[in-house]
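The values are calculated or read from the model by the stated rules, or taken from the named source; none is laboratory data. Remember, it's a predicted structure, so these values are computed and weren't measured experimentally. Please note: Cβ atoms are built from the backbone with ideal geometry, for glycine as well, and neighbour counts cover all protein chains shown.
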């Protein structure tokens, strides 16, 4: 098989693959994260006692559609968050900030990311 034929077959297979979602021209990308509204009380959180802080922050980051950046080693910090009735995204953010402060980890958040800094 000629190289040009092989490349053409590969290109057709790649673009025809249903496993690769793509946005059409003028269509929004369906993989785009849509954060839960700040005031909607729809989150039921039940973390295990002594959960890793990074796991708790990562859960919140997924709900809020934010990236987590880490400076230093925060992997061994554990926190306990009591079981809560359904809470809002903003209330979860307050719990996460409080948990980070209790173990001495600096927590900064903006519209796109969460930065954790180990002491």
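Does residue 117 count as surrounded by 14 or more Cβ atoms within 10 Å (Cβ to Cβ) and at pLDDT 95 or above? Yes: the conditions hold for residue 117. Among the residues of the stretch 87-102, those identified as in contact with a strand residue (DSSP E or B) (Cβ under 6 Å, 6 or more places away or on another chain), over 9 Å from residue 53 (Cα atoms) and touching a residue at least 24 places away in the same chain (Cβ under 8 Å) are 87, 92.
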